[in-house]
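Chemist: Encoded as structure tokens, here's the structure I'll be asking about.
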Amino acid sequence: MKKQANKRTAIFLTVVLTLSLMIANFSCIYAEESPELTNVNHEASTTAEYLLNALNAAEISPYNYKEVILILRSGIDSGDLADRYCNLLESNITNGRLLINGSENITMYAAYLIILALHGDNALDVNGNNIADAFDHLLASYTSVEELNTAVENPYYYDFIVPAVFAYENHMEHSDAVKTLLWNAIMLNYKQTETDCGIDYWGISGDNNAAVLPALNYFSDNKEIADAIADAVTFNESLIMEDGGSRFDNGEYSTASNANSTGAALYLYSVLNNENNIISYNALLNFKSALTPGAYTYYGEDNMFATVDALKGLIAYKMLLGNEGFPFDVTDEVSRILTPEQPEETTVEQETTTADHSTETESTADTTGSKENTDTSVAIPDTKAPETATASNSSAKTGENGSMTAILLMLCILSSGTVVFARKTVSTGKRK
């Protein structure tokens, strides 16, 4: 009986050892160290340079707005890129309306407003044209969420539209009504099934979620929306492959990770400050072109779409690590441009006579002109996108990788102790 008991004990301890090693191995896969900001900045700059060269080699189009924004956000010397783009769009303004191919386009307005802010231009006066006001009135002209979704065409574009509305909300007459319209329109695209969850655009996919959830996150003070975002992020996390990269969906169209989906995932996890941004970043670098500096590949070939998606993720991650907001949020830039500068207060020394006829000097603030400035000042509150309840990227800020290391060390010690105890138990059983 004792021998059987010892054998059962040995078997039990062997199982414990195996499980411990499996947990340690799994932890090692995902306990990756947060990269240095300088390294992320280098990767983003190299890719931005590649895209800039591509844009300089061809005639710029109004539809190059995403590339222009990302290049401006990269911090590289972009030359006259912003000037060329803004001049192109300005040439399409007729009677105060931005007309692309003869009609107004919501996304084009939003992108133009973002680029104007990044370029330091006043969108309320572009040669006498108020672009923010035109954007506001176009959005307010839609009376239903269905009508707005039809006009927007692709829910991916809300990633530009929503940040533009929040950045210029104090200069838009209908901003409150427009915000309500926007979040209801986005949620109209939200679906949840037994296997999938998130934005349904020709099906539910991780790429759809990555493109649209950051815009929906502006409204995450609403619990229903916050819960919807959390559920969709959980679905995206299920698409992370063993190499740390992400695939497009749950297997219907893709079974392996790719640069486009991994770059999109990095963007999502960076904007939401989710800890998976670390493994997404490291995995994304595996898709760098072996031949072309700055380019990213799709199935081994240099691919412009993959490169743009990669840069979008890299810029978002760079901005997260540098505490700079995220790529399409220009709230701070708009505030600096449109908030009048207040004059510096100066002190004026005044002499007063005391009871004993001696004099004292006191300082008072010179408020000359303060009434005029007070009457014309524009107060712009901080409207940064609120954080969701998703897992935070604590390792990027507080170094929690040290905690993971300690856990792994404890597992190793436990495993070692288990081996010794198991051997001792078996030996004892044999002797008996």
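Chemist: Hey, with R₀ at 25 Å, roughly what FRET efficiency would residue 146 and residue 231 work out to, going by the Cβ-Cβ distance, to 0.05?
Modeler: E between residue 146 and residue 231, to the nearest 0.05, is 0.60.
Chemist: How do 97, 73, 336, 84 rank by accessible surface area computed with a 1.4 Å probe, from largest to smallest? List each step's numbers first, then the result.
Modeler: Details: 97 110, 73 35, 336 165, 84 65 Å².
Largest accessible area first, the list is 336, 97, 84, 73.
Chemist: For residue 291 and residue 63, compute 0.36 nm times the residue count separating them, minus their Cα-Cα distance, and round to one decimal in nm.
Modeler: 79.3 nm
The values are calculated or read from the model by the stated rules, or taken from the named source; none is laboratory data. Since the model is a prediction, treat every value here as computed from it, not as a measurement. Positions of Cβ are backbone-derived with ideal geometry, glycine not excepted, and every protein chain shown enters the neighbour counts. For accessibility, only protein heavy atoms count, side chains too; no ligands or nucleic acids. Shrake-Rupley method; radii C 1.70, N 1.55, O 1.52, S 1.80 Å.
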